[in-house]
Structure formats: C-alpha cells, structure tokens
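Okay, so here's the structure we're looking at.
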Amino acid sequence: MQIFTCPFCGPREETEFHFAAEAGKRRPEPAETTSDADWADYLYMNAAPRRPAREVWVHLTCGEFFTMTRDTVTREVSDAAPLPGRER
Amino acid sequence: MKRYSALSLAAEGLRGHRGWKPAWRKARPAPEYDAIVVGGGGHGLATAYYLARNHGLRRVAVLEKGWIGGGNTGRNTTVVRSNYFYPESVALYDLALRLYEGLSKDLNFNVMLSQRGMLIAAHTPMQMEICARIANAMQLNGVDGALMGAEEALRRAPLLNRGPGARHACMGGIWQPRAGIARHDAVAWGYARAASSLGVDIVENCAVTDLLIEAGRVTGVGTDQGTIRAARVGLASAGATPGLAALAGVRLPVLTYALQAFVSEPVKPILDTVLLYLGTGTYVSQSDKGELVFGGGLDRVPTHGQRGNLPMQETVLSGLLEMFPAFAQLKLLRQWGGVVDVVPDSSPVIGPTGPEGLFLNCGWGTGGFKAIPAGGWLLAHLMATGRHHEISRPF
Amino acid sequence: MTGWRHDRFGTRIDRAAPLSFSFDGAPLTGFAGDTLASALLASGTRVLGRSFKYHRPRGLWGMGGEEPNAIFDVTHEGRTTPNVRATTHLLRDGMALRSVNTAPDALHDRGRLIDRLHRFLPGGFYYKTFMGLGWMRWEPMIRRMAGLGRLDPDHCPPADTPQLSARCEMLVIGAGPAGLAAARAAAKAGREVWLVDEAGALGGSLRWRGGIIGGGDWREFANETAAAVTAAGGRILTDTTLWGAFDHGLFAAWQRRTGAPDRHWRIRARETVLAAGAIERPLWFDRNDLPGIMSAEAALHHLVLFGAVAGRRIVLATANDASYPVAAALAGAGADVTLADARDACPAPPEGVAHLPSARLTGARGRTHVTGAQVNGRTIAADTVLVSGGYTPSVHLHSRAGGKLDWDAEADALVPRPGTSPLRVAGAANGGFGLARALAEGHRAGGGTGPAPGADGADWRLAAMRPDPALPGRQWLDPQNDVTLRDVRIAAQEGYRSVEHLKRYTTLGMATDQGRSANFAGLAAMAALTGRTITETGTTTYRPPFAPVPLSVIAGPRRGELFDPPRRLTLEPQHRAQGASFREYGGWLRPSAFGAGDEAALAQAEAGAARESVGLFDASPLGKIEVIGPGAADLLDYCSYVRLSTLKPGRARYGFILNETGIVHDDGVVFRLDADRFVVSASSSHAASVRMILEEARQDIIGPGRCFIHDVTAASVTLTVTGPRARDLLRAAGLPDAILDDATLPHMGVTETDWNGHPLRAARVSFTGDRSYELTVPARHGSALCDALDSARQQVDGRWIGMEAVMILRAEKGFILIGKDTDGLTMPHDLGWGGPRERRTDEYLGRRSLFTPEANAATRRQLVGPATDAADPLPTGAHLVPIEGPRRSLGFVTSSCFSPTLNRPVALALLEAGREKIGQEIGTFHMGETGRARVCESCALDPMGERLNA
C-alpha cells in the first residue's frame, strides 16, 4: 500500500488516487490544424520512464489534479505539488 | 540436439543420466550477426527460432540481460486462449494457439499444453449478451467459441459459489474448448533449445545499452559485453522496450504496470477448467502440480518495479473466494509481480519503427504469454522479409 | 515405534488434560499444549506421509514453518482443512489426521512402488516425454498423483478476518533474544514498540535452549521486556506471522487467535528491527530422507517444550557447537546418544555422550524408517539420526524490503548487507550465532545505549557442510518435492545453472516449506557442481508470503455483498413493499419488475401500461452533477459535444461527452437552471468518470476559479412519471401548476419550485418517447413524493414499472444505452448525431479526433434498427453478416426485445456503413444459425415525436 500526498488533503492510500498523465504533455493548440500524427502522438505516446518520473495525478476523493515526482522502480515519492499556477 | 523421448529417457536412466547435453549452448556474442533479437523471453526466443527455421537465417543472436525466460514469460498465469472479439485479434491469438497445439512436437520439448477449456463467466443478462456477441464473433472468425449456460458451467466447476449470498452468481458465459494452460518455463526453454540447435546464439547476462544507428539505419547494438553488429534488430523486451526504443528516438504508446500472480498450496484436482470471472476480475486455473494459479487486474500505479502491493492482492483474493468459497481453506504459497507494457487499445505493437532495420514486438499487456508463438512467428517474418505478415499488418 | 514421552520435560503441555486424536485411523493420545507434531513424535509414529513424486516414506523433520513432510488433512468438528503443517498447529481433542499422498495409509502406501522407477524419473523428466500421444492423454493421471491434500468441498470458512491498520514507532519482528533486547531497549527509552512473533510465547530459541541473561533466568528478562513494552504504550503480538513487506514501509501480519477469528494487520512503523532468527540446515548423505532423521534443534525443541523425545538410540551428526547442548539434553533425558562431529577440533563432549570427532556421516540404513547411520565407513545402529548442517539466517523480509546479501564465511551464510534495506537486522538473522551476540545486536538495533544485557557463552563455531557430489547414493535436497543431488547434477549438465532455472527446472525449493530447507542445499550443490562460489552462483528471489497465509486472511471480509457493494436506492423499502424484484443495473440495485410472475411477461405488461396510461419508475441513480459559476457555460461548451452556452435558463438539452479520442463516453441531458448554474445528468454507472472529465477541464482549461463542480447524485431522489396520462397523475398528486402547465414547463423544460415546503425540481425530459416528468427532491423527502405519486397512480390506472420495462420503452424509441448500444469505437456521428461535428467551429473535447482518417472512414459501424417479421426478437449479441459472399461480421445486435406497442420485435444494432443500408436486407448469425433482417431506422415508434406532448 503506497502512500501518496495530495497537496490539498495530505497523505492518503494509493487507492484514492488515479494516474492522469505524464507531466509536460501539452494539448496541441490549435488542435484543428494539428496533423493526424502529432495528434495521435499527444493522445497515445508515453515515455514510461524508468526511475525518476514526473506525472499528473488526481485525488479521486477531492477531485484535485496535481503533479507528483517519484521513482518508478523504488516507488519513492520525492515531491507532490499543485499544478503550476495553483494555490493550495 | 539429442532427441527427447521416452526411449532416450529410459536409456539415460540406465546409465545415470550422464548423456544429457546442455539444452542450449551458453554462447558468447560474436562481433556480427544477420539479426539480433533483444530480449530472451518467450517472444524473443520464438523470434530467433522462427528466423532460423522459417527463414533460414543462421547467424542470429538473442541477447538477454538476465537469464532466459526470467521476465513475464516466467511470471504469468500460463493461460493460452483466443477468445477475442475483433477479427484481427482473433487471427493473431488463434495463430498462436494453433502453433501451441503443435509446439511440443515441433520443439521436441513438452510444453505441457493442457487444452482443458476456458470459461469467461458472466453474472448479469447484459454480460451474457456481450458474451454472445464475442462467441458469435469467434465463430464467424472460425474459432471454437460457444455460449455456455449456468447449468453446464456449474457442472464443469462444481465448487463455484452457488450460495444465496453470492455477489456474482454465475449465469454461464463464453466457452472455448481449445483454450487452456501450458508450462510457461518450458516454452522459453523449448524455444531456446530448438533455436540453439539451429545455430542461434543465446547470450545470457548481456544487457543492451545502446542502439547503433548510422545514416538512418540500424547497424547493431551496444552491450555490456561490447558492440555487436547487425543490420536487423528486433526488440522483444516487454516492459524494457520503451527505454530501448527511446535510444532510437522512438516513442511508444505504452505505459508500464505491475501485474501480480498468485499460487496456492497444492491440493488434489478440484478445478478442471480455466475460469475468468467478469464480476470479480479474477481468473484461476489449477496447475498440474495441484496449485491454484490465479490473478486479476493491474496494480493501478505505473511502475517498472517487479512487485505488487496489497490493495490488488486483497481484491484478487477476495474475488477468488467470492467465486469459490471453499477455496478459503487454502493458503497462499507464492505471489509475484511482473511489469507489463500496456497499450491504450490493448492491442500489441508489431512492426518496423524508427531507423531502417529496427523492429518492435511489444505492448502485449497482460496477454503476452498466450501470444508467444505468434509474436515470434510474425516478428521473424518481418525481420527476415522486411514486410508484414498478413496477420501482423493491422497492428 | 521410537519417539516417546518423557515424564519430566515439557513446559508447554498440560498432563492433566489428555487429548485423543487419530492418525490415518489409528487412535492416539496427546496433551493440551501439544502441536500435532509433538503429539505424533511422542506417540512413536514414524511414517507421517509420502513424498510428492517417488512416494518415499516421510517423517517429522522440524519444528516450525520449515517442516516439509508432516502435512495433514485435518478433520475437526466435522470440517476438513487440507495441508495443515503439523509443527505449527495445536492439537485439539477429537482431531482426525490424514496423511497426504498416501493410499491406504502412510505406512502401507501403494504408491511406494513408484520409487523403484526413480532412475527413469529424474527432475524435469516430463519435459522430455509424454509428447507422442499428447500431454492431455497423460495429464489426468499426473494430476491425480500430484497435489498433497484434499479440499473439503463442503467446507466454506467464513469471511470473518478483520483487517486492522496500525502505526508504531518501532516494529520488532521476532521475540527471541535479539528481538527481546531490541524491544526492551526501545521501550525503556519510552518508545512505542510492537513486538511480533510467530510462536505462542516470547523467547524464541530461549524457550528450548534456555539461558542466563543479566544474571537471571531468561524468563525474567522476557517478562521484564514485556512489561516495559506495555508500559511504553506498545503491544505484543504472539502467534503472529509477519508475512509481507510492501512499498512505503507497510508490513502485513497474520495473527492467529483461539476461539476468535484471525486478524490481518497492516502495520506501518517508523523503524523496524528484523530479528527473525535462523533455521537449521540438514545434512546430505545417502537416504537422508528416511523417517527418524530430524533436525537436531527440533529434537531439543520437542523435548523441552513437549517432553517428546525423538528416540532412544540417537546418532547426532553435526559440525557445530550448537548441537552439543542438544546431545547433552537428550542424554540427560535418558537417550543413548552418539555425537558425531565432522570437525577434527571439537569441544569436549557433554557427559554421558559417546563422542566421535572427525566423523563423516555418509549414509542412513533402513527402509521405512532409519535403523542405523553409516559413520566413517561403519554402521552405528540407531533408531534416530539427528543432523545439523549449520544455520540459514531468515533474511526474507530484508530482501523483500529491497535489501542485498553478502556472503559471511564465518557464519557460512548469506547475511544482510547493512544499510541496503530500511530494516535493522539483529541476532541469528544477521548471522550472529550465540546468545551474547544476539543480545548485543538486538540492544543496539533497538537504539539502546550503554551496555547490552549480558550473557555467558561464546558464539557457536561451525564448519561448513555441503552436499558432496562424490558421495554415492541418493541425497535429498528437497524432501517434499523429491529433488535429489542427482537432479541438480542433471540440471547443471543441461545448462540450467542460474538459480532460478534450477528452481524452475527441478522444482527445488518450490514446496510448501518455500525452500526453507532446500534452497541453501540447492545453491551449495550447484556451486559445488559448477566449481563456483555461492556468491557467483547467485541467490534466489524471496517471494512473499514469508510463510503460507490463508487466502481468507488476506481477502478479509470482502465477500458476498461486501465484495463489491451495490448502491441502493433511498426508496428501496417502498419498492419492496410495492412488490418489486431487484436486480443490479450499472452498479445499482434497482427494481427489475413489479409483482409476482415471469419477469419478461411483467415487463411486457408494464411497458404496455406505460404506453397506454402512465408508468412510474425510480430514476434516482441517474448521475446529477452541478456545475456552478461564471465559467460554467464555458466549461460545458468545452466538455460537451453539443453547445450548451446557447441553452436558455429553464431549458434542457441532450448531448454527449466525448473522450479526447472522440469516443462517446456518456450521454445525457444537461439542464440550465440559471445563467451560471447547470446540472449535468450522467448515466448511473458513469457519474464518477464524468465528474472527473469535467474536473480535469475545469482545472486545466477553464480555470479553477471560474466554476465549481459538485456531484449531488446521492443527495436526491428522482421519480419519473411517463405516459399519456402522466400529467393527470401529477395533477391528482397535487403538484404545483407551474409543473402542469405546458407553457411554463414545455418538453425539454426544467423548473424549480416548492412542494409541501421543500424544493422540487421538475423536468420534461423523456427516456421513453412519451410525455415524461422527472421529479427530483432532496433524498429525505423522497418517501413523501413517492407516497403522493403512488396514491395518485391508482386514480389514473398507472403502474410502477421496473427497469426491464424501461429498457423496452427506450428500445422502441431507439434511445441508446452507453456501453450497451455503443462500444469503445463509437463516435457521435455513428449514432446519427453528426450535426455539431459538421457545424461547430469552436474547440471542444475530442473534436480533433472526429476528423482523423479512421473517424472519416466509410466503414464505420453506425446505429440502425434491424427488424424482422419473426415473432421472436433477434438475439442480442447476434451478428449481422452479408447475405452473399464470404461470411464476415458487419456488426451486431446491441439491444433487442418484443415491443408490446408495435406488436413486433424491435432491435438496435451497430452495423458497418449502416446508414446507407437502410431499407436493405441483411443476414443474421447467432450460434451457427442464420436468418434475415431488414435494416431500418433506429427509432421504431413515433419517429415524429408526437407522443411527447400528447
């Protein structure tokens, strides 16, 4: 049972969270003029990194999205923070 | 290759088993090959075998960072089946199943294919309707699929929960008679032995650290045992594939998750079919040794760590006991986790990618073991001819 | 008959409480406090079972979880439990023990003949044969022979294990000398310590080896420690197996209780001390598997705790100092003991013990049990051979927690590399064999300052013992799975040299003792055979659980309804009183039909009544998500396929929410209550995911300060009144005029009003195609609304209708159900909703994906309504196929029923290029049978929508 820390609620069990996306993925804008290939890349491609990973997670109970930095092998979490520009 | 048979076993028995040869040569890497397969799991070894057998390539190497069959090939619940919906998937998995059916003889290695049949069990009328949709699709694709009613399901699995408190009473489901289980390690060893006898070099403890690319063409790989040249490189390394592909600048639609498997203490035969319960997400079969081998969903946290956590264990085990309340007498003997490469549409990725000469076989998610012969067959076809096989084209 | 009961020894048994039990039908007696193992040992029973493969006789080996042989099916109070390990299970009066793998009993097992074929059945023989006729021909026989115990098909243990979570400052695993010293040091410093041990009492090996600690008896030390732990707010859990170490410092423990359900603990500790001790290794010689050959440590354990003496003429073969007290105790108990030490330089022998230095044990004599030992080429008659090949530290949890191991030549064992796991390891688990060292290491691990509790005696010295490939005969490495040194030799010869390959090829270490006695032997044998060191050969992966744990303990109480609790309606009691049958729909328990009789017939009647006059149904599970704030319209424009900012307050609009991949995620009606207040209806099973889609866009796209999202599904009750006389029913129920007047509440209108002093929301939306009112009140007023409508119902000939009838009504109209009439590929234009895709110019979720080549393909499956002239509906799940040409799937029937209104079957289907096939004939396929259908529009009833305002 991993413990993740929601920046808004505090430490909670992993079952309360859901992986949303790898951090840094930007929705191509304007989407309309984005090529099919670039759009598919945005939708489906992942780095799935070993070791350090920065990801967007959502705390299902409060509904807040936030970023988490963790090691995908040891599963140590080094940081959890609100999305850029968000206040707690 | 010394042939395996009852006769050779008897003869060796009389002379103290001194005559058995290594199942596969412990090869040291040569400086150059016609083709290199990265990953010594089932898919990689099968690829090498079919490269040699189907396409006559003789200078082939399999590079494995640890010991062969040590990844997901040796970490699954050994189910083989082709009860899928889309024609493309059915064609792929049924190719695998057909190859499995002849595999022991083909490889001269008993992979213990037990086609005891598999039931995907439904619990609501709506699930039964979906089961009908899939069973019909299987039939239209020429695969043995049938709808099974509750009575027959309970006859085949008499210990199923039929109490009044059952949360998910079995209504029947999809029955595939040809589905079953096979001995996972034997698949890896059998392919390794057969490939080795055709001249394939199987190099263990050799980690690939780099892909060599010159002018848009693959020219070889860098390893911790030095540089090895080849114009064709196939990646069949499951959860490690994204990292390797990234070396060639290739991104993949893959996320990696831990999938757990569980084994109970052995008991005398109590379950003669493979069972997947839609209501609980738990699947189970009984091994020839008598152990219940079971599993369920993925641990929901992306990871590269080969271990599982408690929440999914509780879900899978409670699901098993909900299906079979009498199994609560049993103890958990072993549990482990493998890292699976999951693609959004749950369809594998087979094809050329990035630089010329680089080929992929990944994204099997939780279905890699059952696909091994097909994955190898199709990747070998691609690597040898540079063109897709009819069955792998859609992927 | 060799083992016997001493009349003086036995700290754990109560001689005043004899217990009767039976083994393979033979009546025996033991005492309260006995384990199954000690009672059987004292009874003199030698052959306790048969091995897995060769059906060799098997006797008691050990004293705990390492026991590979003494495993029984135990019947007690009418219930049988398979595979009970005799060493860890307490005896109860009236127990019937049945040996495993035997017929008719352990001693006379018919399968023993298999052993004569052993030379043809080496490890992994099955990979080399059984291919000619196919494995399936042989498998049933092999399966019958394998498998240890028998499951009792009628025994369903209850799901009563509580799952408890706990935190503490320090967790100490193992309550032997090292664990006690650690717990004591920490507790005395005022720290909250949890001390956990598998055994029923504190002390570990002190319980049978004894010891003077700090000048007093060890019991004083243990009691003082227990008192200190309790005083500092800690807790002591005996009979508790710490079975798993998980991420982020979580430990799982199984606590066994007598007369109460077991418990499953999830413990998080700030610091953890591992003091799990070590397990004695066997020795390897010809026929070392015979009953009567036992662990020396175990013999002492059974003697001191239970007064069960292993034999009368005993040879004790060893190469370490730890066996000397064992020999002394057995001699003191009256046995004739010969101590055969492999070392040249040995300590002085205990009094009364025959001593053989430089003694090499090369074989055992006997057929069903041991009758002698071959030492230095001569046979010593003996009824019991005790062996000690050194000790293997229990490093399992250290490894599971990520720790590495190093070879320690002095301990002749792999020991934890300090600092590689979060656990601090102390005592024998650390390779420290000796009381003083255990106490010192424990004291330090517990954070103790100052001198550790003192004890006499030096560390035990030992010489390394290994399986010897040059020794003739059959040497067992894994007694349960029948893996011998020959099998490892063959594996090495065939190249299965990696430890994992060895395990998998020979099954060595895969038995129910989890390799406790076999793993080191296999590793050492492979090292010897390949001329490598143990470190070069490798170590096996330790897999959880530490010891076999009942599945029921980990599963906990999540069974039956608790497995996956269905959601329940506020008005369930009312519906039951109205005669409803319930079934699960989208995770909710809802009325399927009302009244007694055949459900399908009831549904037909209910649907007919709803079309004729009026039907009522509970629509509360419909997701209701409020979106409030100045940015609400922008958010919904972005998240919805149809534009919603153009919706006027008081009006409703039907639409879809797509994924970014363009796939229809959900459908539903959105109400605009005010300029900045909307309610999004979601399918009952999609409410949570729709909320998350809205949240993500709110936080990522629209800006979190501009609106709020609030899922209020559970806060209200919604009842739907549908049918031509719906308005009459509402009027009879006394609902306000604002609702009844079509001018103020037209179709697709919504209004909020007051009724009987509480808020009521009424909406004219229809899932049936008839005039319909969706009435929503706060949950606590649901029953009042229900009563009012029910009284009125009787005046207008109305009827409660279940979900089966609702499914008919909506199918007649071609209204879809997400996930049933759509699949993972369905886009809105496949459902006939191409308008926004063609006309909207602003950005919305999933839009880009609606214009990819796949989305534009002419072969997309589209929603149609196949019709037949047959009396029976098309089977749902049937496929649509070409009438001519090669048969392939063009699509499939997603919903199908008989329409009581149209008096013919209606159906919905997803069909490849279905729109352009409308009017054509198409083939159907179901379970091998073919037929024909006509492709029609999906809406079979009232396509102009005239009934909505009738």
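The values are calculated or read from the model by the stated rules, or taken from the named source; none is laboratory data. Quick caveat, the model's predicted, so the values are computed rather than measured. Quick reminder, even Gly has a Cβ in these numbers, built from the backbone with ideal geometry, and neighbours come from all protein chains shown.
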**Q.** Of residues in segment C:68-88 being over 15 Å from C:N101 (Cβ atoms) and either over 25 Å from the mean Cα position of the chain (by Cα) or free of Cβ contacts under 8 Å to residues at least 12 places away in the same chain (or both), the one surrounded by the most Cβ atoms within 10 Å (Cβ to Cβ)
**A.** C:T87
(Q) Of the residues C:L910, C:L874, only one is within 23 Å of C:P836 (Cα to Cα), within 14 Å of chain B (Cβ to nearest Cβ) and in contact (Cβ under 8 Å) with a residue 40 or more places away in the chain; which? (A) C:L910
Q | Single residue of segment B:109-151 satisfying the filter (more than 8 Å from chain C (Cβ to nearest Cβ) and of a type in the set (D, E)) that is farthest from B:A166 (Cα to Cα) | A | B:D144
**Q.** Complete set of residues in segment C:540-568 that are more than 16 Å from B:H123 (Cβ to Cβ), at the interface with chain B (Cβ under 8 Å from one of its Cβ atoms), in a loop (DSSP other than H, G, I, E, B) and at pLDDT 90 or above
**A.** C:P545, C:P548, C:G556, C:R558
Q) surrounded by fewer than 24 Cβ atoms within 10 Å (Cβ to Cβ), touching a helix residue (DSSP H, G or I) at 6+ places or on another chain (Cβ under 6 Å) and polar (S, T, N, Q) - does that describe any residue in segment B:348-369? A) no
Q. If we keep just the residues of segment C:27-67 that are within 26 Å of C:R365 (Cβ to Cβ) and free of Cβ contacts under 8 Å to residues at least 60 places away in the same chain, which is surrounded by the most Cβ atoms within 10 Å (Cβ to Cβ)?
A. C:G49
Q) Can you find even one residue in segment C:569-591 that is assigned to a strand (DSSP E or B), within 12 Å of chain B (Cβ to nearest Cβ) and touching a Gly at 6+ places or on another chain (Cβ under 7 Å)? A) no
Q.
Can you confirm whether A:T33 is among the hydroxyl-bearing types (S, T, Y), touching a helix residue (DSSP H, G or I) at 6+ places or on another chain (Cβ under 6 Å) and away from chain B (no Cβ under 13 Å)?
A. no
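Taking the stated definitions as given, is C:R860 basic (K, R), under 30 Å from B:A137 (Cα atoms), in contact (Cβ under 8 Å) with a residue 12 or more places away in the chain and surrounded by fewer than 23 Cβ atoms within 10 Å (Cβ to Cβ)? Spell out how you get there, then give the answer.
Details: basic (K, R): yes; under 30 Å from B:A137 (Cα atoms): yes; in contact (Cβ under 8 Å) with a residue 12 or more places away in the chain: yes; surrounded by fewer than 23 Cβ atoms within 10 Å (Cβ to Cβ): yes.
When the stated conditions are applied, C:R860 passes them.
Within segment C:881-950, considering only strands (runs of 3 or more DSSP E) that don't extend past its boundaries, which have at least 2 residues that are within 43 Å of the chain's Cα centre (by Cα)?
Working: elements: C:891-899, C:904-912, C:921-926, C:929-934.
In segment C:881-950, the matching strands (runs of 3 or more DSSP E) lie at C:891-899, C:904-912, C:921-926.
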Q.
With the structure loaded, tell me whether C:R474 is out of contact with any helix residue (DSSP H, G or I) (no Cβ under 6 Å at 6 or more places or on another chain), buried (at least 18 other Cβ atoms within 10 Å of the Cβ), basic (K, R) and at pLDDT 95 or above or whether it fails that test.
A. yes
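Which residue out of B:L45, B:L9 is in a helix (DSSP H, G or I) and not assigned by TED's automatic domain parsing to the domain that holds B:D106?
Details: B:L45 fails: not assigned by TED's automatic domain parsing to the domain that holds B:D106.
Step by step, each of B:L45, B:L9 is checked, and only B:L9 is in a helix (DSSP H, G or I) and not assigned by TED's automatic domain parsing to the domain that holds B:D106.
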Q | Top-ranked residue of segment C:89-103 - restricted to ones that are aliphatic (A, V, I, L, M) and within 14 Å of chain B (Cβ to nearest Cβ), ranked as surrounded by the fewest Cβ atoms within 10 Å (Cβ to Cβ) | A | C:A103
Q: Might you let me know whether segment B:208-216 holds any residue that is over 30 Å from B:A137 (Cα atoms) and buried (at least 23 other Cβ atoms within 10 Å of the Cβ)?
A: yes
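Yes or no, residue by residue, for (1) over 19 Å from C:D487 (Cα atoms); (2) of a type in the set (S, T, Y); (3) surrounded by fewer than 24 Cβ atoms within 10 Å (Cβ to Cβ):
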site: B:K2; (1), (2), (3): no, no, yes
site: B:A11; (1), (2), (3): no, no, yes
site: B:G19; (1), (2), (3): no, no, yes
site: B:K26; (1), (2), (3): yes, no, yes
site: B:A35; (1), (2), (3): yes, no, no
site: B:H43; (1), (2), (3): yes, no, no
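Output the residue which, of all residues in segment C:104-138 that are more than 7 Å from chain B (Cβ to nearest Cβ), in a loop (DSSP other than H, G, I, E, B) and hydrophobic (A, V, I, L, M, F, W, C), is surrounded by the most Cβ atoms within 10 Å (Cβ to Cβ).
Step one: filter segment C:104-138 for residues more than 7 Å from chain B (Cβ to nearest Cβ), giving C:104-118, C:121, C:123-124, C:132-134, C:137-138.
Subset that is in a loop (DSSP other than H, G, I, E, B): C:104-109, C:121, C:123-124, C:132-134.
Imposing the further condition that a residue be hydrophobic (A, V, I, L, M, F, W, C) reduces the set to C:106-107, C:121, C:133.
Values: C:A106: 26, C:L107: 19, C:L121: 18, C:L133: 8.
Taking the candidates together, the pick is C:A106.
Considering each of B:L278, B:L292 in turn, give the residue that is among the aliphatic types (A, V, I, L, M), buried (at least 23 other Cβ atoms within 10 Å of the Cβ) and either under 30 Å from B:E129 (Cβ atoms) or at the interface with another protein chain (Cβ under 10 Å from one of its Cβ atoms) (or both). Before the answer, list the steps.
Values: B:L278 fails: buried (at least 23 other Cβ atoms within 10 Å of the Cβ).
Testing whether each residue is among the aliphatic types (A, V, I, L, M), buried (at least 23 other Cβ atoms within 10 Å of the Cβ) and either under 30 Å from B:E129 (Cβ atoms) or at the interface with another protein chain (Cβ under 10 Å from one of its Cβ atoms) (or both) leaves just B:L292.
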Q | Members of segment B:221-269 that are part of a helix (DSSP H, G or I), facing another protein chain (nearest Cβ under 10 Å) and either among the polar types (S, T, N, Q) or touching a helix residue (DSSP H, G or I) at 6+ places or on another chain (Cβ under 9 Å) (or both) | A | B:G239, B:T241
Q.
Of all residues being of a type in the set (D, E, K, R) and touching a strand residue (DSSP E or B) at 6+ places or on another chain (Cβ under 9 Å) in segment C:814-837, which is surrounded by the fewest Cβ atoms within 10 Å (Cβ to Cβ)? Just the residue, please.
A. C:K820
(Q) Scan segment C:650-664 and tell me whether some residue there is crowded, with 23+ Cβ neighbours inside 10 Å, farther than 13 Å from C:I709 by Cα and of a type in the set (D, E, K, R). (A) no
**Q.** Checklist (1) within 14 Å of chain B (Cβ to nearest Cβ); (2) over 23 Å from C:G249 (Cβ atoms); (3) of a type outside the set (V, I, T); (4) free of Cβ contacts under 8 Å to residues at least 40 places away in the same chain applied to A:A53, failing item
**A.** (2)
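Please go through segment C:707-739 and pick out each residue that is in a helix (DSSP H, G or I) and β-branched (V, I, T). Spell out how you get there, then give the answer.
As a first pass, look at segment C:707-739 and keep what is in a helix (DSSP H, G or I): C:713-715, C:726-732, C:737-739.
Selection gives C:T713, C:I739.
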Q. So which residues in segment C:27-46 are more than 34 Å from the chain's Cα centre (by Cα) and in a loop (DSSP other than H, G, I, E, B), if there are any at all?
A. C:G44, C:T45, C:R46
Q) Only one of these conditions is not met by B:A146: (1) touching a residue at least 60 places away in the same chain (Cβ under 8 Å); (2) of a type in the set (G, A, S); (3) touching a helix residue (DSSP H, G or I) at 6+ places or on another chain (Cβ under 7 Å). Which number is it? A) (1)
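Out of the residues in segment C:528-552 meeting the condition of being of a type in the set (A, V, I, L, M) and touching a Lys or Arg at 6+ places or on another chain (Cβ under 8 Å), tell me which one is nearest to C:R583 (Cα to Cα).
Residues of segment C:528-552 that are of a type in the set (A, V, I, L, M), as a first pass: C:528-529, C:534, C:547, C:549, C:551.
With touching a Lys or Arg at 6+ places or on another chain (Cβ under 8 Å) added as a condition, the list becomes C:528-529, C:549, C:551.
Details: C:A528: 65, C:L529: 64, C:V549: 36, C:L551: 29 Å.
Across segment C:528-552, the extreme among qualifying residues is C:L551.
Results for (1) within 11 Å of chain B (Cβ to nearest Cβ); (2) touching a Gly at 6+ places or on another chain (Cβ under 7 Å); (3) buried (at least 19 other Cβ atoms within 10 Å of the Cβ), shown as yes or no for each residue.
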residue	(1), (2), (3)
A:D38	no, no, no
A:N46	yes, no, yes
A:W57	yes, no, yes
A:C62	no, no, no
A:V77	yes, no, no
